[in-house]
Amino acid sequence: MDFGGGWVVVPVLWCGLGLTVVVCGLRARRSEPTYRVGIAAVSALWLVGGAAVNVAMLADGITYTGFAGGSPIPFVRDTWESLVVPHHHLFIALLIAGETLAGLLVLVPGQVRQGALIALMVFNTTLLVFGLAFALWAVPLVTGLGSLHRAGRLTGLASARLRNPLRRPSGGASWGRHRSPRTRVPSP
């Protein structure tokens, strides 16, 4: 892929947002604001650095030829050039839709966010079939996304408990274990 002309800002955008995701992911368990910044960076990475950049590249006439050129798997290289490149409008439109969906779903708290983070980890892991150079991107980013996922699980459980505290049984019953009928004092 050629990033000539005005496309110099794209790798800078990817690196900046990717670094933000990794750093915030690694610190998210200790700081709720850092977790929120990390989630916002994930969303921006997929909405702006993913979907919007791919829309601009399609509009600019970039065909994505050579993207799989570094793959050690001949099937991936051949299929990319023979299937994806000739029909790149369709396949990149599907990629844009997926990136937009992921960028929006990661903003929805709870299980939706957790599922989106898992999907993004899988997506970035599959980039490795396009060449080992993608490991420079995928390994740190999957680490950051996994750390955000873990922090979201831990903080999600804690915040759910605070929002929905368990009700104590009424009528003087003990918390946890109920008394047997023999230990109750009969009322007069």
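Listing for the model above:
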{"item": "Hz values of 3J(HN,Hα) by residue in the range 41-57 - Karplus curve (6.51, -1.76, 1.60), Gly and Pro given as x", "result": "5, 4, 4, 5, 4, 7, 7, 8, x, x, 4, 5, 5, 5, 4, 5, 5"}
{"item": "Furthest towards positive pole of dipole, V108, A151, S71, structure part the range 22-151, Cβ charges", "result": "A151"}
{"item": "Compactness index (Cα Rg / 2.2 N^0.38 Å), the range 10-117", "result": "1.24"}
{"item": "Where labels lie 7 Å past Cα in the beta-carbon direction, separation of V9 and A119 in nm", "result": "2.8"}
{"item": "Three-way shape label, the range 31-76, alpha-carbon gyration tensor, a/c 1.5", "result": "oblate"}
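Coordinate-derived values only; no laboratory data. Bear in mind that the values here come from a model prediction, so they are computed numbers and not experimental data. A quick note on method: Cβ atoms are made from the backbone with ideal geometry, for glycine too, and the neighbour counts reach across all protein chains shown.
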